[in-house]
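Chemist: Okay, handing you the structure first.
The values are calculated or read from the model by the stated rules, or taken from the named source; none is laboratory data. Please read these numbers as outputs of a predicted model, since none were measured by experiment. With ideal geometry, Cβ positions are generated from the backbone for all residues, glycine too; neighbour counts draw on all protein chains shown.
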Amino acid sequence: MKTVDIARRAARSLRNAKARTILTSLAIAVGAFTITVSLAAGEGARQYADKLISSNVNSQALFIVKDKTIFESSTQQAPIREYDSNTSSRNGVTVQQLTQADIEKLEARDDITSVIPTFSPTVEYVRFGNNDTKFVAGVAAFDPSILSEVSSGALPSLGTQIKDTEAIVPGSFVGTLVDRGIIKNEGDLIGKTIAATATKATVTPTADQITAAFVSGGEAAVQALVKPETKVFTFTVVGVTKKSATALSSSSDIQISANSARAITEYTTQGTSQYQKYFAATAIVKSGVDPEKVKESIKQDGFYAQTAKDLQGVIFTVVNTLQGIVLGFGIVALIASVFGIINTQYISVLERTREIGLMKALGMRGRSVSRLFQFEAAWIGFLGGIIGSLIAVVLGSTLNPWITDTLSLGAGNSILIFQPVPITFMIVALMLIAMLAGWFPARKAAKLDPIEALRTE
Amino acid sequence: MIEVKNVTKTYGKKNSEFKALDDVSFTIPDGASVAIVGKSGSGKSTLMHVMSGLDHPESGEVVMNGIDILQLKNKAVDKFRAEKIGFIFQSFFVQANETCFDNVALPLEINNLSTRARKARIEEALLTVELTDKTKQKARNLSGGQKQRLAIARAIVNKPSIIFADEPTGNLDSTTGETIEDLLFSLNKQGGSTLIIVTHDSELAGKCNIQIYIKDGKIERMVGNGVSTIEEVQS
């Protein structure tokens, strides 16, 4: 019997048992729905992450460290290490730092255009304008390779540093500053001066120094010796950042130029072991050179680097894990529906004993009978796949704007992206699974003895 | 010519052994109409099953056109049935959910005929049994007589050389039964295919050229065979 004719007969007998067919395929539809949503969500998340990274991170950027443990899992316990003045403790883990010599070595390379170490400037307090109120605020170097959006003021284009006397203030400061009467509204902040007071690291004076100070200036001189030295750095606000959906930096630090950050850092660490030591550095690879190659090349010099792609990989790993979990639920639902198919088809074989007997008496091969029932199962799988994915697509497309809004992903971004190819693959896979499930009942049908089946009583 | 030689079929195991057919032999000329007559349990249905290759006896031969069908492999037997045999049953066994057209299409589909070739054959068969106007109707909407006519159309659509009819009028009232009988005999005379009717109705049996009376698995007597030669049958 021709395959087309078998498929047609299978479809007809399913049409004749509409309720049973639809109920069985609905079980598969649940699995198909879950799988379609997980595929769409995974794709959406990946595309979103991709967009996030490509619009924020210079693809030529390399994030360089001296200690590869920084890139390794922080959940692992690190072994104890020998003391080295170039190490520092970060998140409870002692790491090797980059020295000024390392930075210069990197700068000397002809495949790298610029190297900016990550400065860790700290200030005691900041004051706005002429107001005397002191605020605690973090200070960070402005990263020109990461896109920020401002709600007031203006920023230089991507890749350009701000001026050394300029500062960018996070939008989250505005509320407090307005409450304190320092500014009337956000726009007021632009052009305001920020006075940041940094404290030099105290060096415990020796007994001789204290004696000498006492002799020359009395008690006041001793107090001056022990009192930490401070310096005020002044900046002018040029922009207020806003929290953006596609901006990676949601920094709540006052951002200043790299040079200013260096100045503050060096002032505060002068005389300590941390002077001119950097946790990491960002290098921009010359355009036309593959950052991956530079990454491999500097590895030989004892530097470890991550490219923009590696960063993507980290995010993708998280997305893939989450997607895998949802996919797992879908597969569990499918396994349940497989038993549904087996059950339905067994009943179908019992109900149609005479029909099977007749077909076999008329010379239909056992294999064709088996195929007839397997095709019925495949049709059920197809129907379930179509119903499930259709509901997922319709529901997902309808809810996408709402999800985007709720998660504040930014206009034009969808978290559910439906692609025809994976959905088609899924439906084909469902048909194969259904056929596999239909194999047991189909075998029973194929083995049916026509004489027994056609007994009239 | 159909030759049945020393066919023995037993059911059950040693102690409860039961011989459904006991050393049965006879010959039927091509184109004849034959009645296999017997009470229920006499072995007449088993004989039909053996002759159509559905059942396998322990010993004996069923030779058709020089080939012993009992020696054929399963696949070849299925092909033989699909090409050479038509069945008509007491309870019709038409598929109620299918249209008349699709019911008649089944044997042709089994024989791998193309859709186009099928259409003409099906229309011809439905015309023969006067069901042309019901072509697109579901079989469940037909009366008993119409269902049996549909079954006859399904049996003849393949132009088989033998048609087996198992109590073809058993489920019909006498008037309708007679119509079906007339149809079967006229087809037998026109088409030249051998008609083998299994029945306990001696009146129906009497209308056949040959009657084979069977009792307890043995041929009790055979009327018409030997007396009626092939020439007589065809006249």
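Chemist: Residue A:67: modelled with pLDDT under 90 and buried (at least 18 other Cβ atoms within 10 Å of the Cβ), yes or no?
Modeler: yes
Chemist: Quick one: which helices (runs of 4 or more DSSP H) lie wholly within the range A:360-457 and hold at least 1 residues that are out of contact with any His (no Cβ under 6 Å at 6 or more places or on another chain), of a type outside the set (Gly, Ala, Ser) and within 14 Å of chain B (Cβ to nearest Cβ)?
Modeler: Values: elements: A:366-406, A:420-437, A:439-447, A:450-453.
Fully inside the range A:360-457 and qualifying: A:366-406, A:439-447, A:450-453.
Chemist: Is there any pair linking a residue in the range A:416-444 that is outside the structural domain of residue A:348 (by TED's automatic domain parsing) to one that is part of a helix (DSSP H, G or I) and crowded, with 20+ Cβ neighbours inside 10 Å, with Cβ under 8 Å and at least six apart or on different chains, and which?
Modeler: Within 8 Å, no pair qualifies.
Chemist: Scan the range A:14-26 for residues that are surrounded by fewer than 21 Cβ atoms within 10 Å (Cβ to Cβ) and either more than 14 Å from chain B (Cβ to nearest Cβ) or among the small types (Gly, Ala, Ser) (or both) and jot them down.
Modeler: If we filter the range A:14-26 for residues that are surrounded by fewer than 21 Cβ atoms within 10 Å (Cβ to Cβ), which is where we start, we get A:15-20, A:22-23, A:26.
Scanning the range A:14-26 gives A:17, A:19, A:22, A:23, A:26.
Chemist: On the given criteria, is residue A:146 within 21 Å of residue A:53 (Cβ to Cβ), modelled with pLDDT under 85 and either surrounded by fewer than 20 Cβ atoms within 10 Å (Cβ to Cβ) or of a type in the set (D, E, K, R) (or both)?
Modeler: Yes.
Chemist: Out of all the residues in the range A:190-226, which are surrounded by 14 or more Cβ atoms within 10 Å (Cβ to Cβ) and under 30 Å from residue A:177 (Cα atoms)?
Modeler: Matches in the range A:190-226: A:190, A:192, A:193, A:194, A:195, A:196, A:197, A:198, A:199, A:200, A:201.
Chemist: Within the group B:121, B:154, B:116, which residue is more than 14 Å from chain A (Cβ to nearest Cβ) and either out of contact with any helix residue (DSSP H, G or I) (no Cβ under 8 Å at 6 or more places or on another chain) or not β-branched (Val, Ile, Thr) (or both)?
Modeler: After ruling out the rest, the residue left standing is B:121.
Chemist: Checking the condition surrounded by 21 or more Cβ atoms within 10 Å (Cβ to Cβ), at pLDDT 85 or above and of a type outside the set (Asp, Glu), which residue from A:123, A:136, A:178 passes?
Modeler: Step by step, each of A:123, A:136, A:178 is checked, and only A:123 is surrounded by 21 or more Cβ atoms within 10 Å (Cβ to Cβ), at pLDDT 85 or above and of a type outside the set (Asp, Glu).
Chemist: (1) basic (Lys, Arg); (2) buried (at least 17 other Cβ atoms within 10 Å of the Cβ); (3) within 14 Å of another protein chain (Cβ to nearest Cβ): which one isn't true of residue A:46, the others all being true?
Modeler: Checking residue A:46 against (1) basic (Lys, Arg); (2) buried (at least 17 other Cβ atoms within 10 Å of the Cβ); (3) within 14 Å of another protein chain (Cβ to nearest Cβ), the one that fails is (3).
Chemist: Checking the conditions here, which among A:426, A:435 is more than 30 Å from residue A:45 (Cα to Cα) and either of a type in the set (A, V, I, L, M) or under 27 Å from the mean Cα position of the chain (by Cα) (or both)?
Modeler: Within the list A:426, A:435, the selection yields A:435.
Chemist: What is the one condition in (1) charged (D, E, K, R); (2) closer than 28 Å to residue B:216 by Cα; (3) surrounded by fewer than 19 Cβ atoms within 10 Å (Cβ to Cβ); (4) modelled with pLDDT of 90 or more that residue B:83 does not satisfy?
Modeler: Status for residue B:83: all satisfied but (2).
Chemist: Determine whether the range B:92-102 contains at least one residue that is under 20 Å from the mean Cα position of the chain (by Cα), within 9 Å of another protein chain (Cβ to nearest Cβ) and of a type in the set (D, E, K, R).
Modeler: Among the residues of the range B:92-102, not one is under 20 Å from the mean Cα position of the chain (by Cα), within 9 Å of another protein chain (Cβ to nearest Cβ) and of a type in the set (D, E, K, R), which makes the answer no.
Chemist: Go through B:235, B:228, B:161, B:186 for me and flag whichever is at pLDDT 90 or above, surrounded by fewer than 17 Cβ atoms within 10 Å (Cβ to Cβ) and among the small types (Gly, Ala, Ser). Before the answer, list the steps.
Modeler: Numbers: B:235 fails: at pLDDT 90 or above; B:228 fails: at pLDDT 90 or above; B:161 fails: surrounded by fewer than 17 Cβ atoms within 10 Å (Cβ to Cβ).
Step by step, each of B:235, B:228, B:161, B:186 is checked, and only B:186 is at pLDDT 90 or above, surrounded by fewer than 17 Cβ atoms within 10 Å (Cβ to Cβ) and among the small types (Gly, Ala, Ser).
Chemist: Residue B:112 passes all but one of (1) loosely packed, with under 15 Cβ neighbours inside 10 Å; (2) free of Cβ contacts under 8 Å to residues at least 24 places away in the same chain; (3) at negative phi; which number fails?
Modeler: (3)
Chemist: Consider residue B:105 against the criteria (1) assigned to a loop (DSSP other than H, G, I, E, B); (2) at the interface with another protein chain (Cβ under 10 Å from one of its Cβ atoms); (3) buried (at least 20 other Cβ atoms within 10 Å of the Cβ): it satisfies all of them except one. Which criterion is unmet?
Modeler: Here residue B:105 clears every test but (1).
Chemist: Let me ask you something else. Checking the structure you have, find out if any residue of the range A:226-239 is modelled with pLDDT of 75 or more and under 30 Å from residue A:49 (Cα atoms).
Modeler: The answer is yes, given that some residue of the range A:226-239 is modelled with pLDDT of 75 or more and under 30 Å from residue A:49 (Cα atoms).
Chemist: Go through the range A:99-118 and report how many residues are at pLDDT 85 or above and either among the aliphatic types (A, V, I, L, M) or touching a helix residue (DSSP H, G or I) at 6+ places or on another chain (Cβ under 7 Å) (or both).
Modeler: 8
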